[in-house]
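> The following block contains the structure, expressed as structure tokens.
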Amino acid sequence: IRCWSNIPFITMPLSRAHGKSFAHRSELKHAKRIVVKLGSAVVTRGDECGLALGRLASIVEQVSMLQNQGREMMIVTSGAVAFGKQRLRHEILLSQSVRQALHSGQSQLKDMAIPVLEARACAAAGQSGLMALYEAMFTQYSICAAQILVTNLDFHDEQKRRNLNGTLHELLRMNIVPIINTNDAVVPPPEPNSDLQGVNVISVKDNDSLAARLAVEMKTDLLIVLSDVEGLFDSPPGSDDAKLIDIFYPGDQQSVTFGTKSRVGMGGMEAKVKAALWALQGGTSVVIANGTHPKISGHVITDIVEGKKVGTFFSEVKPAGPTVEQQGEMARAGGRTLAALQPEQRAEIIYRLADLLTDQREQILLANKKDLEEAENKGRLALPLLKRLSLSTSKLNSLAIGLRQIAASSQDSVGRVIRRTRIAKDLDLEQVTVPIGVLLVIFESRPDCLPQVSALAIASGNGLLLKEAAHSNQILHHLTQEALSIHGVKDAVQLVNTREEVEDLCRLDKLIDLIIPRGSSQLVRNIQKAAKGIPVMGHSEGICHVYVDTDASVEKVTRIIRDSKCEYPAACNALETLLIHRDLLRTPLFDQIIDMLRVEQVKIHAGPRFASYLTFSPSEVKSLRTEYGDLECCIEVVDSVQEAVEHIHKYGSSHTDVIITENEKTAEFFLQHVDSACVFWNASTRFSDGYRFGLGAEVGISTSRIHARGPVGIEGLLTTKWLLRGDNHVVSDFSEHGTMKYLHESLPLPQRNTN
């Protein structure tokens, strides 16, 4: 056991002005000077004798990576006592075995008792070995490390403080990683103290307070405290209701119950929190996280610096609104209340929202104008995406019509019986539709999505979290909540305005049941990659094909191709690859296609086979799996409808594919064999849309092979549950010698409301 004497001293360093800590996690990536505190539970093995070498190597790798990025890293480490205990035990065992062998004349050893080892002796024996280990590990990354041992007096004595400060600054200037530890070999015996009591007093009695003191002394931007728990919980970890606190604010201590300290070391969580708050007051941001979990310890430090949601972040800036976790819980509760409403009440909410879109069009368009001006000034969006961001009176009118369609068609969506079975006499089973739960919809530059998705969620009784911070969405969300308020379910639809990164939202598997991304292929891929334990509905790319067959109608070809490519080139259902039957090359029909594309200023990229037929070809395509999202397309040549199907399967994205032909047999072959969500005959790819399908709107187009596929409307946002109604039935009655037998009779379904 080690302890520091209770000597109070002035806390703020003489040379430091009061700094300002980071207000949000997203700002941690700007941290230049960082202290990483490794608790005893992180550094030592489970048996407390020896070091966790694999874990330590991973931590050194992360620190080295950040150091090589130009940051100034410092480590406050434990572990000398554990390492020394391992060495001394080994020496004692070796000494006892030699003496016993000499005394008995036998090589067989009996059980030997190991005396209790004094901590200061263990520290003296372990310090050199611990430092040698750090040096060897850092050398692998061409980084030099230096050891500094401190005591409480080094901070109490002003001259020693200045010397320590100067030494650390010089080491950092030379790109050396200081490794700091308390000089446990010479600490005084334990005595009562009031560590961290009061605003202006802190005494260094363990590595938590040492790390906090050093962080403030050195004007550090960030202090990372690694322990054997995920962070700070609102009740002792492991209890049923314990929830990890994402952000902890000064003054929140009263709402927290502290458990026991970690299995090794001096400081418990209460000491860590007090040290963290003291460092925060001194201008240093703090994160407490788990450094022992095998799944995250390999990147926990770098994740924290990147601003990811790891552990508990200490902040002095309390947000005005609820946290995203609170919003998720509000959406869950609001969604359940919404699902319990009568169908007519849900429809009434949607009708009200449709009216508000037209009644408040001036406010909506004014907010949208701000979004367009900001996007143009920043130059962050290409022209097709600017068009997607833009709202107009005609767009709002179309949205209102779509919402009324949803309201009219949603009367019996929730609670609809889709199967009835009589299991046995007086034992009836029903399968009924129910909401999925809480949906997270993440979109970019798509303000028209918010009312569409909100209406579909309302109709299907789902709670909804929406993520996109734009002026248009602020007013649209306000109108949505106004409509929801007529039946007291305002909380069912939440707009996330906090600085949560998309990747962090994708980790809220306890709050979110389904993620629906609406945006670029890169956004969708990033979400699919980041989602852990939450299904993602959508498509990462819209590589849509149009195949022109030898029996295609001259009148239909140019109209369908023009509409598919030029009507809205940024849409995910726009034509990207045009497949031409080989026999059509150098025909008047082929010339008409090329002339039309040139008139429409469509840039043509030649596929490998198409380029081989031309003396002077357009630029050859870099990849046949390209979604251009602009007035560009690829042209490739195929020999048959079978080859067209094979090309689509190899290079397509299973979104929407079209054949243009007058041959019904060829068309049916294409329709049956192309394995995409939407397959059309003599119709534009642009029909792949929830509104055009009569769904009223869509939350997106899914290319997955389970649950929902193609444009996803109300039906795609529902799942089912089973209702069994019995009368004192037990399974044992149906055994071989039981009194009852299974019937499994299909029963007629209730008549649907078709109004």
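> Please list, by residue number, every one of the GluC sites (Glu not before Pro) in the stretch 606-679 that is coil in DSSP and has at most 16 other beta-carbon atoms within 10 Å.
Numbers: sites: E620, E627, E632, E636, E643, E646, E662, E664, E668; in loops: E627, E662.
Taking the stretch 606-679 and a limit of 16 other Cβ atoms within 10 Å, the loop GluC sites (Glu not before Pro) found are E662.
> Taking amide hydrogens as modeled 1.01 Å from N in the peptide plane, which residues meet the under 5 Å criterion relative to D549, leaving out close sequence neighbours?
I660
> Please list 3J(HN,Hα) in residue order for the stretch 657-667, calculated via the Karplus relation 6.51 cos²θ - 1.76 cosθ + 1.60 where θ = phi - 60°; whole Hz, with x for glycine and proline.
For the stretch 657-667, the Karplus-derived couplings read 9, 10, 10, 10, 6, 9, 8, 5, 5, 5, 4 Hz, x marking Gly and Pro.
> Right, next: Expressed as cubic angstrom per residue, what is the convex hull volume of the alpha carbon set of the chain?
For the chain, the hull spanned by Cα atoms encloses 279 Å³ per residue.
> Another question about this same structure. Quick one: work out the % antiparallel among DSSP beta bridges in the chain, nearest 5.
Details: 25 of 89 bridges.
Among the beta bridges of the chain, antiparallel pairing accounts for roughly 30 percent.
> Using just the helices of the chain, give the 222 nm mean residue ellipticity in deg cm²/dmol: DSSP H runs with n ≥ 4 each add -39,500 (n - 2.57), and the total is spread over all residues, rounded to 500. Numbers along the way, then the final one.
On the way: 23 runs with 283 residues, N = 755.
My calculation for the chain gives -11500 deg cm²/dmol from helical runs alone.
> From the phi of every residue in the stretch 582-599, what ³J(HN,Hα) in whole Hz does the Karplus formula 6.51 cos²θ - 1.76 cosθ + 1.60 yield, where θ is phi - 60° and glycine or proline is x?
3J(HN,Hα) across the stretch 582-599, in whole Hz: 4, 5, 8, 4, 6, 10, x, 4, 4, 4, 4, 4, 5, 4, 4, 5, 5, 4.
> Around L495, which amide H atoms from residues at least 5 apart in sequence, or from another chain, sit under 5 Å from its own amide H, with H modelled in the peptide plane?
Close amide H contacts, sequence-distant or interchain: L466.
> Remind me, relative contact order of the chain in percent, using alpha carbon pairs under 8 angstrom and six or more residues apart? Write out the running numbers ahead of the final one.
Numbers: 1493 pairs, mean separation 91.4, N = 755.
With pairs under 8 Å counted, the relative contact order is 12 percent.
> Which of the lysines could be linked to K425 by a straight reach, that is with a Cα gap under 21 Å, when you skip same-chain ones fewer than 8 residues away?
Straight-distance partners of K425: K741.
> Among K29/K274; K274/K532; K467/K650; K219/K529; K309/K721; K395/K532, which pairs are too far apart, with a Cα-Cα distance over 27 Å? Walk me through the numbers on the way to the answer.
On the way: K29/K274 24 Å; K274/K532 33 Å; K467/K650 34 Å; K219/K529 37 Å; K309/K721 34 Å; K395/K532 36 Å.
The answer is K274/K532; K467/K650; K219/K529; K309/K721; K395/K532.
> Out of residues 5 or more away from I436 or on other chains, whose amide H comes under 5 Å of its own, with H placed 1.01 Å from N in the peptide plane?
HN-HN under 5 Å from I436: T719.
> To continue, here is another question. Compute from the Cα atoms of the stretch 564-619 the Rg and the Dmax, the latter being the longest Cα-Cα distance, and quote both in angstrom.
Gyration radius and largest Cα-Cα distance of the stretch 564-619: 11.9, 33 Å.
> Could you tell me which trypsin sites (Lys or Arg not before Pro) in the stretch 579-636 are loop residues by DSSP with no more than 11 other beta carbons within 10 angstrom of their beta carbon?
R586, K622
> Turning to a different aspect of this structure: In whole Hz, what ³J(HN,Hα) sequence does the stretch 68-76 give by Karplus (6.51, -1.76, 1.60; θ = phi - 60°), x for Gly and Pro?
Per-residue couplings from phi come out as 6, 7, x, 7, 10, 9, 10, 10, 9 Hz.
> Per residue, how much accessible area does the stretch 383-474 show when a 1.4 Å probe rolls over the protein heavy atoms, in square angstrom? Working shown, then result.
Details: 2750 Å² over 92 residues.
Value returned for the stretch 383-474: 30 Å² of accessible area per residue.
> Compute the normalised compactness of the stretch 545-698: alpha-carbon radius of gyration over 2.2 N^0.38 Å, N being the residue count. All intermediate terms of the calculation are to be shown ahead of the outcome.
Details: Rg = 14.4 Å, N = 154, 2.2 N^0.38 = 14.9 Å.
In units of the globular-protein estimate, the stretch 545-698 measures up at 0.96.
> Hey, can you rank 591-597, 32-38 by average C-beta count inside 10 Å, highest first? Numbers along the way, then the final one.
Working: 591-597: 15.7, 32-38: 22.7.
Listed from highest to lowest mean packing, they are 32-38, 591-597.
The values are calculated or read from the model by the stated rules, or taken from the named source; none is laboratory data. Keep in mind it's a predicted model, so treat the numbers as computed, not measured. Virtual Cβ from ideal backbone geometry, glycine too; neighbours counted across all protein chains shown. These area figures cover heavy atoms from the full protein model, side chains too; ligands, DNA and RNA do not enter into them. Shrake-Rupley method; radii C 1.70, N 1.55, O 1.52, S 1.80 Å.
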